[in-house]
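Only one structure is covered here, and it is reproduced in the block below.
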Amino acid sequence: MGLFKKNPFGHILFLKKWLIRVAGLMTHRRYNGFNQLKIEGSEIIKDLPETKVLFISNHQTYFADVVAMFHVFNASLKGRQDSIKNVGYLWHPKLNIYYVAALETMKAGLLPKILAYAGSISIERTWRANGQEVNRQVKMSDISNIGKALNDGWVITFPQGTTKPWKPIRKGTAHIIKKYKPIVIPIVIDGFRRSFDKKGLNVKKKGILQSMVIKEPLQIDYDNESIDDIVEKIEYAIEQHPSFLKVLTTAEIKEMEELNELRRYSADHHKKSDS
């Protein structure tokens, strides 16, 4: 009977384990091969409780961001600090990692379908559908499913709900934080938009140094802080508050682009050194 044990979403766990392994093997070289992922702060992961942890992050592609997090989280739990070398950490992956994704993005292609079974909490966007602006009520079943996932394990969400930078934080994330009171871990990523296409399924450029910074838990007064207070904390934590954009001058933007070129060179040099 243990072989057919299911999680709260009805997924057969041994099948989910094999799908995570397959997806991990299919994607590992995207972060530790022809592209390199620089990780900071992964020591935080191994000390987190088994359940009620919410990861919040900025968003650059539909799938590559969350797949990288699956790699980093599992590697960290197996004792690798800031590294995803040696993909053996996927042999016994953490099965109760979930991520929030728009329902319409989970239907196209083999990898999205594998990822959907491996841990997506598919929700209906309230503001956009099929490329059109909409105005829908939040489905209470979507909120309930996120709560169910938090009670069972860890949940990854992208509070802006879009891969476009500097977009407003959706207040639904703050409502979930107040309602379920999880530990909230901010993550800031970069380089994924340059490495992959928008969906994050196809490699757009090689030799890109991607980065993932995992920060200390947010300090939140769940009972007394307002929704707007929590939204502002999220904006600063994932470095998407408007003030971050305002301080960038034209010269600084040019410098960032030059740094990106240096990153490409460094990643290529690192790759040659390893071979």
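The values are calculated or read from the model by the stated rules, or taken from the named source; none is laboratory data. Quick caveat: nothing in here was measured; it's all calculated off a predicted structure. As a convention, Cβ positions derive from the backbone with ideal geometry for all residues, glycine included, and neighbour counts pool all protein chains shown. We work out accessible area using only protein heavy atoms, side chains counted, and drop any ligands, DNA or RNA first. Shrake-Rupley method; radii C 1.70, N 1.55, O 1.52, S 1.80 Å.
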Worksheet item: To the nearest 0.05, what FRET efficiency results for LYS171 and SER83 with a Förster distance of 35 Å applied to their C-beta separation?
Response: 0.45
Worksheet, complete the sentence: Using a 1.4 Å probe on heavy atoms of the protein chains only, the accessible area for TRP18 in Å², nearest 10, reads 130
Fill in: Rounded FRET efficiency, nearest 0.05, which uses the C-beta distance separating LYS5 from ARG194 and R0 of 35 Å
0.30
Fill in: Linear extension gain, SER226 paired with ILE114, 0.36 nm per residue minus alpha-carbon span
36.6 nm
Worksheet item: Under a 1.4 Å probe, what is the accessible area of the range 135-225 per residue, stated in Å²?
Response: 48
Worksheet entry | q = 0.16 Å⁻¹: log10 I(q)/I(0) that the Debye formula gives for the range 145-246, counting C-alpha atoms only | -0.79
Worksheet item: Which residues' amide hydrogens lie under 5 Å from the amide hydrogen of LYS38, considering only partners 5 or more residues apart or on another chain, with H built in the peptide plane?
Response: GLN210, SER211, MET212
Practice prompt. With a 1.4 Å probe and every protein chain kept in, tell me what percent of the accessible surface of the range 34-93 is carbon plus sulfur.
Written response: 48
Practice prompt. Give, as a single signed number, the net charge of other residues whose beta carbon lies under 13 Å from the beta carbon of GLY79, with Lys and Arg counted +1 and Asp and Glu -1.
Written response: +1
